[in-house]
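J.: Below you'll find the structure I mean.
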Amino acid sequence: EGGEGMTRRDRVCVGAIAGAFGVRGEVRLKSFCAEPEAIAAYGPLETEDGSRSFAVTITRPVKAGFAARLAGIRTKEEGDALKGSRLYAPRDRLPMLEHNEFYHTDLIGLDVVDTGGAALGRVRTVQDYGAGDVLEVYAPGRGSLLLPFTQAVVPTVDLAAGRLVADPPVDGDEATEEGGIGHALIFGGTGMLADATRHIAGRASQVTLAARRPEALAGEVGATPVSLDWADRAATEARLSALPAPDLLLSWYHDDALWLGAQLEALITPGGRSIRVHGARSADPTVRAARDPSPRKDVLRQVVITGWKAGPPPRWLTNYEISRGTVEAVEDPTLTLHTIGTTDGPKPD
């Protein structure tokens with residue numbers, strides 16, 4: 001891989017091209033460097049296959065990166081043709097790292113064992129979903145495990161031995177023996193579903209929590225946080241597509257993100273479950289049908305309707321009541337349509 005005589009370990013991925021910027025040959029450049037603007041100083045930068053290299057000139061900062069000129073790229077079409085290309089620099093051009101700092105390329109391919117020495121797999125990728133680095137650990141026949149790359153979860157990295165030691169928050173075998181869930185993906189579970197998220201985290205061997213600000217709750221329950229802003233559809237789709245398949249999907253989102261439904265349910269493992277939490281309007285089957293994608297035939301779809309408490313006077317449900325009702329659906333797969341409170345009679349003011 002890379003230039004002549006150069007191995008993957010000799011190079012470090014320092015950035016990526018997000019496409020053309022404007023119509024005059026500039027590109028939008030994402031920098032993975034600790035000092036983002038330093039990326040230009042490490043050039044010329046190579047594409048992953050080593051077939052092309054570019055001197056880089058940064059022209060100005062833009063949202064989530066830089067506008068830049070690459071030597072030899074003169075038109076918008078040439079810039080767009082490079083969209084998605086990752087750029088590499090020789091390791092010897094980069095600064096020395098501090099203690100307990102690592103380049104992503106050094107982590108990829110390491111064997112992973114738990115604190116008892118049992119093999120968990122091998123690091124396949126290092127992702128950043130917006131809340132810190134996450135290791136994807138893959139084992140044939142077992143699939144992918146996501147591990148937050150923190151001192152608590154990954155206490156030891158031994159590059160010389162080619163391995164790292166991980167201490168996952170929950171042991172998957174124990175969770176399975178106790179009737180656990182496997183991998184749970186919770187989308188939007190930091191507000192009214194926070195207590196349901198806590199409950200699932202105690203049952204699942206792995207939890208991924210995707211929300212706008214998942215870090216605090218994810219840290220509390222030992223989940224992998226994935227920061228999403230679904231107003232940015234392209235970035236959200238890319239991050240979701242990189243997640244390992246869940247056995248249980250619990251999702252709740254506003255009407256401005258209805259497009260997420262089909263993509264989320266497409267992730268579920270065959271034989272898994274999707275629990276969709278709706279507001280009171282979706283008690284109407286016509287409204288619910290408009291909001292939900294067509295269910296997969298190999299996935300159990302459960303729908304939870306959040307209504308209100310009858311009066312007098314009527315009142316809206318508390319977050320605790322909504323979470324408690326959602327947990328009932330988690331624990332009872334026969335509840336394919338479960339209403340919390342009521343959707344009949346006068347609504348609260």
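The values are calculated or read from the model by the stated rules, or taken from the named source; none is laboratory data. Quantities reported herein were computed from a predicted structural model and do not represent experimental measurements. A quick note on method: Cβ atoms are made from the backbone with ideal geometry, for glycine too, and the neighbour counts reach across all protein chains shown.
J.: Which residue is nearest to LEU97 (Cα to Cα), if the candidates are limited to the range 16-47 and must be buried (at least 17 other Cβ atoms within 10 Å of the Cβ) and among the acidic types (Asp, Glu)?
T.: GLU46
J.: Same structure again: Residues in the range 234-250: is at least one among the β-branched types (Val, Ile, Thr) and either crowded, with 18+ Cβ neighbours inside 10 Å or under 28 Å from the mean Cα position of the chain (by Cα) (or both)? Spell out the reasoning first.
T.: To start, the set of residues in the range 234-250 that are among the β-branched types (Val, Ile, Thr) comprises 236.
Then drop every residue that is not either crowded, with 18+ Cβ neighbours inside 10 Å or under 28 Å from the mean Cα position of the chain (by Cα) (or both), which leaves 236.
Yes, the range 234-250 contains a residue that is among the β-branched types (Val, Ile, Thr) and either crowded, with 18+ Cβ neighbours inside 10 Å or under 28 Å from the mean Cα position of the chain (by Cα) (or both).
J.: Also: What are the residue pairs meeting all of these: first residue in the range 328-345, first residue touching a residue at least 40 places away in the same chain (Cβ under 8 Å) and among the acidic types (Asp, Glu), second residue surrounded by fewer than 11 Cβ atoms within 10 Å (Cβ to Cβ) and part of a helix (DSSP H, G or I), Cβ atoms under 8 Å, and 6 or more apart or on different chains?
T.: Pairs that qualify, where the first residue is touching a residue at least 40 places away in the same chain (Cβ under 8 Å) and among the acidic types (Asp, Glu) and the partner is surrounded by fewer than 11 Cβ atoms within 10 Å (Cβ to Cβ) and part of a helix (DSSP H, G or I): there are none.
J.: Among the candidates GLY325, GLY272, GLY307, GLY279, which residue alone is of a type in the set (Gly, Ala, Ser), touching a helix residue (DSSP H, G or I) at 6+ places or on another chain (Cβ under 8 Å) and either under 25 Å from ALA201 (Cα atoms) or buried (at least 19 other Cβ atoms within 10 Å of the Cβ) (or both)? Before the answer, list the steps.
T.: Details: GLY325 fails: touching a helix residue (DSSP H, G or I) at 6+ places or on another chain (Cβ under 8 Å); GLY272 fails: touching a helix residue (DSSP H, G or I) at 6+ places or on another chain (Cβ under 8 Å); GLY279 fails: touching a helix residue (DSSP H, G or I) at 6+ places or on another chain (Cβ under 8 Å).
Result of the check over GLY325, GLY272, GLY307, GLY279: GLY307.
J.: OK, next. Taking the range 69-122, which residues are under 26 Å from PRO36 (Cβ atoms), among the hydrophobic types (A, V, I, L, M, F, W, C) and modelled with pLDDT under 90?
T.: LEU94, MET96, LEU97, PHE102, LEU107, ILE108
J.: Search the range 62-85 for residues being touching a residue at least 60 places away in the same chain (Cβ under 8 Å) and more than 24 Å from the chain's Cα centre (by Cα), and hand back the single one that is surrounded by the most Cβ atoms within 10 Å (Cβ to Cβ). Let's see the steps before the verdict.
T.: Residues of the range 62-85 that are touching a residue at least 60 places away in the same chain (Cβ under 8 Å), as a first pass: 79-80, 82-85.
If we keep only those that are more than 24 Å from the chain's Cα centre (by Cα) too, we end up with 79-80, 82.
Values: GLY79: 25, ASP80: 12, LEU82: 19.
For the range 62-85, the residue satisfying everything is GLY79.
J.: List the strands (runs of 3 or more DSSP E) that sit entirely inside the range 205-261 and contain at least 1 residues that are within 22 Å of LYS30 (Cβ to Cβ) and of a type outside the set (D, E, K, R). Full working, then the answer.
T.: Values: elements: 206-211, 224-227, 248-251.
Qualifying strands (runs of 3 or more DSSP E): 206-211, 224-227.
J.: Within 21 Å of PRO90 (Cβ to Cβ), touching a residue at least 12 places away in the same chain (Cβ under 8 Å) and in contact with a Ser or Thr (Cβ under 8 Å, 6 or more places away or on another chain) - does that describe any residue in the range 25-38?
T.: yes
J.: Another question, if that's okay. Go through the residues of the range 293-312 one by one and say whether even a single one is among the hydroxyl-bearing types (Ser, Thr, Tyr), closer than 23 Å to ALA184 by Cβ and over 29 Å from the mean Cα position of the chain (by Cα).
T.: No: the range 293-312 contains no residue that is among the hydroxyl-bearing types (Ser, Thr, Tyr), closer than 23 Å to ALA184 by Cβ and over 29 Å from the mean Cα position of the chain (by Cα).
J.: OK, next. Report whether or not VAL62 is more than 25 Å from LEU135 (Cβ to Cβ), aliphatic (A, V, I, L, M) and out of contact with any Gly (no Cβ under 7 Å at 6 or more places or on another chain). Spell out how you get there, then give the answer.
T.: Numbers: more than 25 Å from LEU135 (Cβ to Cβ): yes; aliphatic (A, V, I, L, M): yes; out of contact with any Gly (no Cβ under 7 Å at 6 or more places or on another chain): yes.
It is true that VAL62 is more than 25 Å from LEU135 (Cβ to Cβ), aliphatic (A, V, I, L, M) and out of contact with any Gly (no Cβ under 7 Å at 6 or more places or on another chain).
J.: Condition first: in contact with a strand residue (DSSP E or B) (Cβ under 7 Å, 6 or more places away or on another chain) and over 17 Å from LEU146 (Cα atoms). Now tell me which residues in the range 181-195 satisfy that.
T.: Passing the criteria: GLY188, GLY189, THR190, LEU193.
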